[in-house]
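The values are calculated or read from the model by the stated rules, or taken from the named source; none is laboratory data. On a predicted model such as this, the values are computed, not experimentally measured, just so you know. All Cβ positions, glycine included, derive from the backbone under ideal geometry; neighbour counts span all protein chains shown.
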Amino acid sequence: MISKILIILCLFITTTAARPSKIEEDGLKSQDEHDVFIMKKSELKNGWCKTLPFKQTIKVDGCLPVTVKNNYCYGQCNSLYIPSHESPLPLFNTCASCLPQRTFTKTVTLRCPSLSVKFRKHKYTYSKRCRCSSVKR
């Protein structure tokens, strides 16, 4: 029975009294003898997520288009799936996406010459900052 799964290091662990274990050689230590390491440290990749600016055009019927500054999220975030030998459900899974960490609602005033109301306020979502975030399934 597996009491814990550490998603970090070694596919196979060999420990002898004469030399440090493979875990210690790779710089990881475990206090629990039941820990299972399924991945080498060299296989771990850091996810990354950037907040990048772009010009967004807001169009509303009857109004003139307005261009505003906004940000979009771009990156490669990690996901992991570990199958279970006892169930069709996974033993562990996680999925991350590059998503806005902070957003604000901003308001822009549109000119609407063909409508009876010549000015109209329009709300849009402004993305301030992005990061790799867990996605709920």
Could you tell me whether S116 is among the small types (G, A, S), under 30 Å from I38 (Cα atoms) and part of a loop (DSSP other than H, G, I, E, B)? no
With L11, L64 as the choices, which residue is modelled with pLDDT of 95 or more, part of a loop (DSSP other than H, G, I, E, B) and surrounded by fewer than 14 Cβ atoms within 10 Å (Cβ to Cβ)? L64
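If I ask for residues that are under 29 Å from G47 (Cα atoms) and either among the charged types (D, E, K, R) or exposed (fewer than 13 other Cβ atoms within 10 Å of the Cβ) (or both), which ones from segment 94-137 would you list?
Applying the first criterion (under 29 Å from G47 (Cα atoms)) to segment 94-137 yields 94-105, 124-137.
Hits for segment 94-137 are R102, F104, T105, T125, K128, R129, R131, S134, V135, K136, R137.
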For S114, are the conditions met, namely being out of contact with any Gly (no Cβ under 8 Å at 6 or more places or on another chain), at pLDDT below 95 and of a type in the set (G, A, S)? no
